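J.: Pasting in a structure now, in structure tokens, and then I'll have a few things to ask.
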Amino acid sequence: MVTEAVKALSAEEIAELCVRHTLYDWGAQTDLKPLPVVSAKGIYFHTADGRRFMDFNSQLMCVNAGHGDRRIIEAIQRQAEQLPYISPFMAHEARARLGAKLASLLPGDIDKVFFTLAGADANENAIKMARAVTGRPKILARYRSYHGSTGSAMQATGDPRRWPNEGPVGGVVHVLDPYHGIQRGWDTVEESLADLEETIQLEGPSTIAAFLLEPISGTNGILVPPDGYLQGVRALCDRYGILMICDEVMTGFGRTGRWFAVEHWGVVPDLITLAKGLTSSYVPLGAVGMRPHVAAYFDDHAFYGGLTYNSHPLACAAALGAIQAYEEDDMVGNSRRMGEVLSRHHRKLRERHPCVGATRSIGLFGCLELVRDRQTLEPLAPFNGTSPEMKAVTSALLEGGMHTFVRWNTIMTNPPLCITEEQLDEGFEILDSALEIGDRAVRD
């Protein structure tokens, strides 16, 4: 038998066929120009036409270990050769080892996990668990939140991605964040917690199953809560018998300089949801971690949930490989150390560029917020919109060899956790140059 070599597609062919025959998410298809990526290593990826881009957002804040890590790749290869799939009703070694490893890493007394496919269905299942355990129907969530694009997770999402997807599902009550936007700034902890408690009382504590929140809001601006806020939320949940669900899909696995963001404030949620960095996104996998008092409910009550690919052997093996990489290279510590460097770069950009109205970061989780007016702090793009200036800044970043996440008036700075100080310097040089476009739009 003779096997003919398959001719590689050109950059133009890859992009054209993808757009013609596959539907892309979160946008109209007419003006799509996807990058035809063929390889990636470390903090860089390469396109079929020979261009190199610095990945300054870890793709979707998820390739925490960087691209092409052999430990993760080889873990997947070994598992594929031994047992590529088995039903989630079975037990297998990768599942056993990963469950035990996560129990040793997760905050407090969280020692049992339910494996899912991704972050959205991790949140779906956490909501389902909370309603089952408490017997209550409602879920509290925040407006500046994102929890996934499936049923209940999308209803819980607070930002405008919810609007086109709202339906009769209901059962979610949104509350304000401590942060009210660049122009109004932050509430005090006392004000924010008082507003939350008033909402709980008005809705009826006995009707609320859980409060689902990102410890640090991600795509809505890297909103690091003031000290005392998460502790106050924990106390209110305890007071009213409400389960606290922390969505650590984006913040987990070293992104903030700790294994999990809640550790910065010494808070242990009742349920914690994971994905993205769990496998460094080499293979899809999500998880719901639960404390013993939640897990105990399902000793005598069936949990009505699950999918064909839950606890997938390849995904569990990939997660073990990713955690091995994080530990062997101290990537969590590197995130903390490089986070200090990133924060210094943020401050320099704000000093140099009048279009930078605010910066926020914790570990390697950061963003720049651009403004049109330094006095009024008018954003350089409106809420849920863009502007010619923001589009021009985005184009300049790509032309400079950087790919990152630009949304509304924010630019994300979330590189892989393996980044070096020299690579951070390189990235911020590109940002420094692109921000000159934003400066020209600023009114004196």
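The values are calculated or read from the model by the stated rules, or taken from the named source; none is laboratory data. What you see is a predicted model, and the numbers here were worked out from it, not measured in a lab. Backbone-built Cβ (ideal geometry, glycine too); neighbour counts: all protein chains shown.
J.: Does R360 satisfy the condition of being within 22 Å of V224 (Cα to Cα) and touching a residue at least 24 places away in the same chain (Cβ under 8 Å)?
T.: So R360 passes the test.
Per-residue answers, yes or no, for (1) crowded, with 17+ Cβ neighbours inside 10 Å; (2) modelled with pLDDT under 95:
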| residue | (1), (2) |
| --- | --- |
| W163 | no, yes |
| G167 | no, yes |
| L176 | no, yes |
| I222 | yes, no |
| C246 | yes, no |
| T251 | yes, no |
| G254 | yes, no |
| F260 | yes, no |
| G266 | no, no |
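J.: Name the pairs whose Cβ atoms lie under 8 Å apart, with the first residue in the range 119-137 and within 18 Å of Y240 (Cβ to Cβ), the second in a helix (DSSP H, G or I) and of a type in the set (S, T, N, Q), and 6 or more positions between them or separate chains?
T.: I127/S152; R136/S206; R136/T207; P137/T207
J.: Do we find that Y309 is buried (at least 21 other Cβ atoms within 10 Å of the Cβ), more than 26 Å from W186 (Cα to Cα) and aromatic (F, W, Y) in this structure?
T.: no
J.: Just a yes or no: is a residue in the range 15-24 in contact (Cβ under 8 Å) with a residue 60 or more places away in the chain and either closer than 17 Å to R255 by Cβ or in the same structural domain as P416 (by TED's automatic domain parsing) (or both)?
T.: At the first step, the residues of the range 15-24 found to be in contact (Cβ under 8 Å) with a residue 60 or more places away in the chain are none.
There is no residue in the range 15-24 that is in contact (Cβ under 8 Å) with a residue 60 or more places away in the chain and either closer than 17 Å to R255 by Cβ or in the same structural domain as P416 (by TED's automatic domain parsing) (or both).
J.: Just to check your reading of the model, which residue among S280, S206 is in the same structural domain as L307 (by TED's automatic domain parsing), within 23 Å of the chain's Cα centre (by Cα), hydroxyl-bearing (S, T, Y) and not in a strand (DSSP E or B)?
T.: S280
J.: Quick one: what pairs do we get from the range 254-273, first residue within 11 Å of G363 (Cα to Cα), second aromatic (F, W, Y) and buried (at least 24 other Cβ atoms within 10 Å of the Cβ), C-beta under 6 Å, 6+ apart or different chains?
T.: The qualifying pairs are G254/Y326; R255/F365; T256/F365.
J.: If you don't mind, another one. C237 fails exactly one of the following numbered conditions: (1) closer than 29 Å to L364 by Cα; (2) surrounded by 16 or more Cβ atoms within 10 Å (Cβ to Cβ). What is the number of that condition?
T.: (1)
J.: Here's a follow-up. Report, by residue number, each residue of the range 395-444 that is in contact with a Ser or Thr (Cβ under 9 Å, 6 or more places away or on another chain) and at pLDDT below 95.
T.: Result: A441, R443.
J.: May I ask you to verify whether L243 is touching a residue at least 60 places away in the same chain (Cβ under 8 Å) and hydrophobic (A, V, I, L, M, F, W, C)?
T.: Judged against the criteria, L243 is a match.
J.: Quick one: is D195 under 29 Å from C62 (Cα atoms) and either without any contact (Cβ under 8 Å) to a residue 40 or more places away in the chain or under 21 Å from the mean Cα position of the chain (by Cα) (or both)?
T.: Details: under 29 Å from C62 (Cα atoms): no; either without any contact (Cβ under 8 Å) to a residue 40 or more places away in the chain or under 21 Å from the mean Cα position of the chain (by Cα) (or both): yes.
So D195 fails the test.
J.: Using beta carbons and a limit of 6 Å, which pairs, at least six apart or on different chains, have the first residue in the range 31-47 and without any contact (Cβ under 8 Å) to a residue 60 or more places away in the chain and under 14 Å from R20 (Cβ atoms) and the second one in a loop (DSSP other than H, G, I, E, B) and aliphatic (A, V, I, L, M)?
T.: So the pair list comes out as P36/A48.
J.: So is P226 modelled with pLDDT of 95 or more, more than 18 Å from A126 (Cβ to Cβ) and assigned to a loop (DSSP other than H, G, I, E, B) or not?
T.: For P226, the condition - modelled with pLDDT of 95 or more, more than 18 Å from A126 (Cβ to Cβ) and assigned to a loop (DSSP other than H, G, I, E, B) - is met.
J.: Right, R136: of a type in the set (K, R), touching a strand residue (DSSP E or B) at 6+ places or on another chain (Cβ under 6 Å) and not in a strand (DSSP E or B) or not?
T.: In short, yes.
J.: Check every one of the helices (runs of 4 or more DSSP H) wholly within the range 296-374 and list those with 1 or more residues that are under 19 Å from K112 (Cα atoms).
T.: Result: 297-300, 313-328.
J.: Sticking with this structure for a sec: Provide a single number: the residues in the range 375-390 that are outside any strand (DSSP E or B) and under 29 Å from V341 (Cβ atoms). Spell out how you get there, then give the answer.
T.: Of the residues in the range 375-390, the ones outside any strand (DSSP E or B) are 375-378, 380-390.
Right, trim to under 29 Å from V341 (Cβ atoms) and you get 377, 380-381, 389-390.
Number of matching residues: 5.
J.: On the given criteria, is E198 under 23 Å from G171 (Cβ atoms) and either assigned by TED's automatic domain parsing to the domain that holds G99 or not in a loop (DSSP other than H, G, I, E, B) (or both)? Give the derivation first.
T.: Values: under 23 Å from G171 (Cβ atoms): yes; either assigned by TED's automatic domain parsing to the domain that holds G99 or not in a loop (DSSP other than H, G, I, E, B) (or both): yes.
The answer is yes for E198.
J.: Follow-up question, since we're still on this one. Just for strands (runs of 3 or more DSSP E) wholly inside the range 1-98: which have at least 1 residues that are among the hydroxyl-bearing types (S, T, Y)?
T.: Filter on the range 1-98 gives 37-41, 44-47.
J.: Quickly run through the range 330-358 and pick out the residues that are hydroxyl-bearing (S, T, Y) and buried (at least 20 other Cβ atoms within 10 Å of the Cβ).
T.: S335
J.: In the range 6-42, how many are closer than 30 Å to E421 by Cα and touching a strand residue (DSSP E or B) at 6+ places or on another chain (Cβ under 7 Å)?
T.: Of the residues in that region, 8 qualify.
J.: Say we look at the range 426-439 and pick out the residues that are touching a residue at least 40 places away in the same chain (Cβ under 8 Å) and of a type outside the set (A, V, I, L, M); which of these is surrounded by the most Cβ atoms within 10 Å (Cβ to Cβ)?
T.: Result: G438.
J.: Hey, among the residues in the range 43-58 that are buried (at least 19 other Cβ atoms within 10 Å of the Cβ) and not hydroxyl-bearing (S, T, Y), which one's nearest to L417 (Cα to Cα)?
T.: I43
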